[in-house]
Every structure is written in C-alpha cells, then in structure tokens.
Amino acid sequence: MADAIHADVAIIGGGIIGLGIAHQARRLGRSVVLIDPHPASGATFAAAGMLAPVSELHYQEEDLLELMVESSRLWPSFVATLTGGGDAAGYRTTPTLAVGADAADRRALADLRAVQKAAGLGVEPLALRDAREREPLLSPQISCAFDIPADHQVDPRRLADCLLAGLAAHSPDDPTWVTGVNNGFALEALAERVLWDEGRVAGVELDSRVSVVAAETVVANGLGAAGLKGLPEGLTLPLRPVYGDILRLRVPESLQPLVTSTVRGIVRGVPVYVVPRDDGTVVIGATQREDGLSTASNAVSAGGVYQLLRDAQVLVPAVAELELLEVTARARPGTPDNAPLLGRVAGTKGDIEGLVVATGFFRHGVLLTPVAARIVGELINGSADPRWAPFRPDRFTASAPDPRNFIPAHVRSKETA
C-alpha cells in the first residue's frame, strides 16, 4: 500500500451530502479525499433547495421530522462557515407560502396543518388579500393561503460551489493537504470496493485499481452505495431511484420579482412549487416518478413537464410569460421508510470501525446536509447521539440491532467503568 493515496477520511460521493461531510471533516482538522468523477452533477444539480421541515412533514414520519427540524436549526451556523457565507450560497430565510387551488385543496392543506400543529410546527392561515399583497402575481382564484415562517431555501448549485471552493482553499503546506489528488482533496474517479484490514474498513479501491487508505471511509454516493463491493457481509441497503423533473425559467424584467418567497401549492390534489432565485430565475418542480423512463439517461418526462407548467400557471398565471431555460431530471435515492441510511454498521463485536454510511436522503438531501455532516463528524470523533439510532444504515438487515436498545460506544464505556 506504499503507493496508495493516504488521507484521514475517504468520502465516496460528491453530492451535497458528501460535500457537506467533507466540509465538516476538514473543519475538524482531518485530511479528506472526495471520490467522485463528476461532483454535484446528480440529484444536487437538479434540486430546488427548499429547506422545508414543516412543509415536508408526512404522516407517520415523526422520527424523520425530528431530524429535519434539527437540521433546519443548524442551517444558519452551517452557512456561516462557508466561503462568502449564506449570501454566496443563495441562502434565504424568507417564509414559505402554501396555497391551494380549489376547495378540495383547501381541505387538504387544512388537514395537513392540523398534523403540523399537533407536531408543534408553526403554520398560520393567511387571508387571501394579505397573501396577494405579499405576492401580487398570485392568482386571484386561489382558495387558501398559509404562512410557514420556518421553511426557507438555498441554491444547491451555488452551495456546492461554495463547498468545493472551501475544500480547495488550502496549500501543500497544510496538514489537510493530500498528495496525489486535485487541489489536495479531489479525486475524479469511481470507487470500486471497500478495503479491509484486520476486521476494520481501511479505505477504498478505485476502478483504476489505485487504493485510497483512510482511517474513516464514508459511503455517500447515493444510489451507487448499494452496488459498492466489499461492504459488510449481509448488509442490505434497499435504495430505489425516484426521479423528479424540474424546470428553470427566466423572469423578464417587467415581471420581476415573479414571487419573493417560495410558493408551495396543491392543484387538484397534486403538489407543485415555485422557488425564486437571486439571478432573476425561478425553479418549478414537484414530480416524483418511478417509471424507469430515466434509468439510463436522466430522460425528462413530457407529461411531467406539462403537469408542472400547467399547475404552476394555475397558482401564478404569469408563469406562461417566462422563458424556459432548462428541463432536468435526476434520481434521488429512496428507502422503504423514506428516511436516510446514516451511521455505522453493526459487526459481530460492536460497530465496524472505519466505516460510515450516509445515503438514502430521498427528497431531503439538501435540508439534511448540516445534520448529516454533524452526525458523521461526531462518529469520526468517536461519539454518537442516540437520538439518531433509528436511521442506522443496517436497520433493514436481518440481524440488525434494535435501535431502541442502541447505546453509543462512548456512553457504554462510561457505564461499565
């Protein structure tokens, strides 16, 4: 292994989760190798960037809600550590506006509000006149509006650029510099397998047969995680691709701003959102499909594009006058319970050393980046928060430990001392 690349932490996957973890590891003083042939080109490239723990609440996802709320709380301090801060990443704390198109949509949003309020979340009805004063281009035909102060947004592409720039901002004289990789951290390659040494994970072998030796290896390559060779025997990572179509449109000067805050709507029972950007564009999305159309080529669904434009115009009619710039589709890694696979993996004598899994973030990847980075950073430092045991990556494995009985090693050692 003398000719191998050596680092404290090897991170497989350069999406927003992998980038956030790399950023945190570097802040902890670790040298990092980020392994990805095309960083930030997958789901991160297509994401709208809504930081919406309230709007994204779904029935029977209470554990996930706690994780989302915690990550939302971390966002201000997270962006403060970026080069250029929150402004450079397009971070906005403008409240989200939820609207319904007809009477049935109004009832659906009212029912959801009851669940949100029961969970202690802030959602308040807004008079239609007040909603249209806030967003003058909203349709006069909408049936209801709700104010959601805690739901914010960020621009994922700009966020990824900030994280990459921060990772590159060091020199060969720094202890975090890794020799043999771009800018002392980036390795544009595919990970082939996990390497082992005496019962612990010791790094990564690339498809070029080059090895990266690391004290900690983080598997954060989304859907690719399940196909990685050398993972612990019996470990099941049940990931499935859930595609989303997303549109980017330019707002002409005469209509700017189209909207000043994120507008999340329901139109005849179907969700749609319009997210403004600082550069005078908007993002429109909300489709979710598992039809296999995009499996090989990230193909866009014609029906999905039609649906998005149709429904967005119901809520904001001026959408019809915008310039269509880009139509994109990407797959997000879904899991059976829609929650991430995050943490260490159990072995025969406790958790396997040297391995952390961070994938399966589905539609919450951008929102959960700060908390995922914090959790992985704590694991690298030898600690763990028992609140997040329900998201262990081995919970779908037949021999998985019961998360209710999970006691982190650092706590267990204190109890037996």
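Any residue at all in the range 82-92 that's surrounded by 20 or more Cβ atoms within 10 Å (Cβ to Cβ), in a strand (DSSP E or B) and touching a strand residue (DSSP E or B) at 6+ places or on another chain (Cβ under 9 Å)? Yes: one or more hits.
Return yes or no: is LEU308 open to solvent by less than 30 Å² (accessible area, probe 1.4 Å), part of a loop (DSSP other than H, G, I, E, B), under 18 Å from ALA48 (Cβ atoms) and modelled with pLDDT of 95 or more? For LEU308, the condition - open to solvent by less than 30 Å² (accessible area, probe 1.4 Å), part of a loop (DSSP other than H, G, I, E, B), under 18 Å from ALA48 (Cβ atoms) and modelled with pLDDT of 95 or more - is not met. The residue that is surrounded by the fewest Cβ atoms within 10 Å (Cβ to Cβ), among those in the range 190-201 that are in contact with a Gly (Cβ under 6 Å, 6 or more places away or on another chain) and over 21 Å from LEU239 (Cα atoms), is ARG200.
Given the criteria within 22 Å of HIS364 (Cβ to Cβ), touching an Asp or Glu at 6+ places or on another chain (Cβ under 6 Å) and open to solvent by less than 40 Å² (accessible area, probe 1.4 Å), does ALA52 qualify? Here the answer is yes, as ALA52 does meet what is asked.
Note on the range 352-384: residues that are of a type in the set (A, V, I, L, M), under 30 Å from GLN288 (Cβ atoms) and either free of Cβ contacts under 8 Å to residues at least 60 places away in the same chain or open to solvent by less than 10 Å² (accessible area, probe 1.4 Å) (or both) total 10. Here is a check on your reading of the model: is ASN405 open to solvent by 10 Å² or more (accessible area, probe 1.4 Å) and either farther than 24 Å from GLU233 by Cβ or modelled with pLDDT of 95 or more (or both)? Considered against the rule, which asks whether it is open to solvent by 10 Å² or more (accessible area, probe 1.4 Å) and either farther than 24 Å from GLU233 by Cβ or modelled with pLDDT of 95 or more (or both), ASN405 comes out as no. If you check SER77, SER72 for being outside any loop (DSSP other than H, G, I, E, B) and in contact with a strand residue (DSSP E or B) (Cβ under 9 Å, 6 or more places away or on another chain), only one passes: SER72. Of the residues making up the range 125-165, those that are under 19 Å from HIS364 (Cβ atoms), basic (Lys, Arg) and in contact with a Leu (Cβ under 8 Å, 6 or more places away or on another chain) number 0.
Of all residues in the range 189-233, those being under 12 Å from ASP36 (Cβ atoms) and out of contact with any strand residue (DSSP E or B) (no Cβ under 7 Å at 6 or more places or on another chain) number 1. Scanning the range 139-174 for residues that are open to solvent by 10 Å² or more (accessible area, probe 1.4 Å), small (Gly, Ala, Ser), closer than 20 Å to GLY13 by Cβ and touching a residue at least 40 places away in the same chain (Cβ under 8 Å) gives ALA165, GLY166.
In the range 100-138, which residue that is in contact (Cβ under 8 Å) with a residue 60 or more places away in the chain and closer than 30 Å to SER77 by Cβ is surrounded by the most Cβ atoms within 10 Å (Cβ to Cβ)?
VAL123
With respect to GLY20, determine if the residue is in a helix (DSSP H, G or I) and small (Gly, Ala, Ser). So GLY20 passes the test.
Checking each residue in the range 337-354 for being farther than 16 Å from PRO238 by Cβ and β-branched (Val, Ile, Thr) picks out THR348, ILE352.
Residue pairs whose Cβ atoms lie under 6 Å apart, sitting 6 or more positions apart in sequence or on different chains, and linking a residue in the range 69-97 that is farther than 17 Å from VAL282 by Cα to a partner that is part of a helix (DSSP H, G or I) and open to solvent by 60 Å² or more (accessible area, probe 1.4 Å), do not occur here. Restricting ARG250, ARG277 to those that are open to solvent by 30 Å² or more (accessible area, probe 1.4 Å), among the charged types (D, E, K, R) and at pLDDT 95 or above reduces the list to ARG250.
When restricted to residues that are surrounded by fewer than 18 Cβ atoms within 10 Å (Cβ to Cβ) and β-branched (Val, Ile, Thr), the range 213-241 contains 1. Candidates in the range 327-351 are the residues that are at positive phi and part of a strand (DSSP E or B); of these, the one that is surrounded by the most Cβ atoms within 10 Å (Cβ to Cβ) is GLY343. Which residues, counting only those in the range 2-49, are at positive phi and either surrounded by fewer than 24 Cβ atoms within 10 Å (Cβ to Cβ) or polar (S, T, N, Q) (or both)? Answer for the range 2-49, where residues must be at positive phi and either surrounded by fewer than 24 Cβ atoms within 10 Å (Cβ to Cβ) or polar (S, T, N, Q) (or both): GLY29, ALA40. Of everything in the range 202-212 that is within 26 Å of the chain's Cα centre (by Cα) and either polar (S, T, N, Q) or closer than 17 Å to ALA22 by Cα (or both), the residue that is surrounded by the fewest Cβ atoms within 10 Å (Cβ to Cβ) is GLY203. Residues in the range 23-50 that are in a strand (DSSP E or B) and touching a helix residue (DSSP H, G or I) at 6+ places or on another chain (Cβ under 6 Å): VAL32, LEU34.
The values are calculated or read from the model by the stated rules, or taken from the named source; none is laboratory data. Values in this document were obtained by computation on a predicted structure and should not be read as measured data. Cβ coordinates were reconstructed from backbone atoms using ideal geometry, including for glycine residues, and neighbour counts include every protein chain displayed. Note: accessible area is taken over every heavy atom of the protein model, side chains too, but ligands, DNA and RNA are not part of it. Shrake-Rupley method; radii C 1.70, N 1.55, O 1.52, S 1.80 Å.
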